[in-house]
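The values are calculated or read from the model by the stated rules, or taken from the named source; none is laboratory data. No experiment lies behind these values; they were computed from the predicted model shown. Methodologically, a virtual Cβ is constructed for each residue, glycine included, from the backbone with ideal geometry; neighbour enumeration extends over all protein chains shown.
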C-alpha cells in the first residue's frame, strides 16, 4: 500500500478532516479523533510522511518524535484534566503511523486499560453516545489556541 491508497495520507489532504486538525509541522500532524469521537480529548499524532512506524524513521523524525509525543500528551491532559494519557499505535487498520493519545480518567471505568477499546467499539456501534459535535468543535478550537509546537 502506498500513499495514494493510504487512508491516513488521504485524510491529511481532506477538507472535511481539517475540522479536526489541531496542529501540523513538516513531520507530524495532530488531530482530534473524528466524529464519532469516543472521548473528548482523544487525539491522534500522525506521521506526515507515509511510514508504518518508528522502524522507518529518518534520524530527524527519530529525534523529533519524543518531543512531539510529549507535547501532544500534555495537551490531552490540559484539555481534559485526565490523570494519565495512554499512547497506543497498532497500524493494522492503516499502515501509516498514527499514535492514539487517549485520556485516562481514574474515576471513569470506561477509560481503564483495555476497557477503552470496548468503549471505542461501543461508540462505533452506536451503543454508547459519541462526543457531541458542538463539544468536539469547541475542544478542537481550544486545542488550537493551546498547542505550542510539534
Inset, instruction - Take the stretch 7-27 and flag every residue that is in contact with a helix residue (DSSP H, G or I) (Cβ under 9 Å, 6 or more places away or on another chain) and over 16 Å from residue 143 (Cα atoms). - result: 9, 10, 11, 27
Legend entry - Filter result for residue 150 (within 22 Å of residue 36 (Cβ to Cβ), surrounded by 14 or more Cβ atoms within 10 Å (Cβ to Cβ), touching a helix residue (DSSP H, G or I) at 6+ places or on another chain (Cβ under 8 Å) and in contact (Cβ under 8 Å) with a residue 12 or more places away in the chain): no
Inset, instruction - Look through the stretch 1-40, keep the residues that are closer than 24 Å to residue 54 by Cβ, in contact (Cβ under 8 Å) with a residue 40 or more places away in the chain and over 13 Å from the mean Cα position of the chain (by Cα), and return whichever of them is surrounded by the most Cβ atoms within 10 Å (Cβ to Cβ). - result: 9
Inset, instruction - Return a yes/no flag: does the stretch 85-94 have any residue that is more than 19 Å from residue 150 (Cα to Cα), surrounded by 13 or more Cβ atoms within 10 Å (Cβ to Cβ), touching a residue at least 40 places away in the same chain (Cβ under 8 Å) and over 15 Å from the mean Cα position of the chain (by Cα). - result: no
Legend entry - Pairs with Cβ under 6 Å, 6+ apart, first in the stretch 41-70 and more than 13 Å from residue 6 (Cβ to Cβ), second assigned to a loop (DSSP other than H, G, I, E, B) and modelled with pLDDT under 95: 53/91; 68/150
Inset, instruction - Taking the options 131, 123, name whichever one is under 21 Å from residue 19 (Cα atoms), modelled with pLDDT of 95 or more and not in a helix (DSSP H, G or I). - result: 131
Inset, instruction - May I ask you to list pairs of residues, at least six apart or on different chains, whose Cβ atoms are under 7 Å apart, with the first in the stretch 98-111 being at positive phi and assigned to a strand (DSSP E or B) and the second being surrounded by fewer than 22 Cβ atoms within 10 Å (Cβ to Cβ) and modelled with pLDDT under 95? - result: none
Inset, instruction - Of the numbered conditions (1) over 27 Å from residue 129 (Cα atoms); (2) buried (at least 16 other Cβ atoms within 10 Å of the Cβ); (3) more than 11 Å from the chain's Cα centre (by Cα), residue 69 fails exactly one; give the number of that condition. - result: (3)
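Each row is one residue, and each column tells you yes or no for (1) farther than 18 Å from residue 141 by Cα; (2) touching a strand residue (DSSP E or B) at 6+ places or on another chain (Cβ under 7 Å); (3) modelled with pLDDT under 95.
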| residue | (1), (2), (3) |
| --- | --- |
| 42 | no, yes, no |
| 48 | yes, yes, no |
| 66 | yes, no, no |
| 71 | no, no, no |
| 79 | no, no, no |
| 84 | yes, yes, no |
| 99 | yes, yes, no |
| 102 | yes, yes, no |
Legend entry - Selection within the stretch 41-66 - farther than 13 Å from residue 101 by Cα and surrounded by 21 or more Cβ atoms within 10 Å (Cβ to Cβ): 47
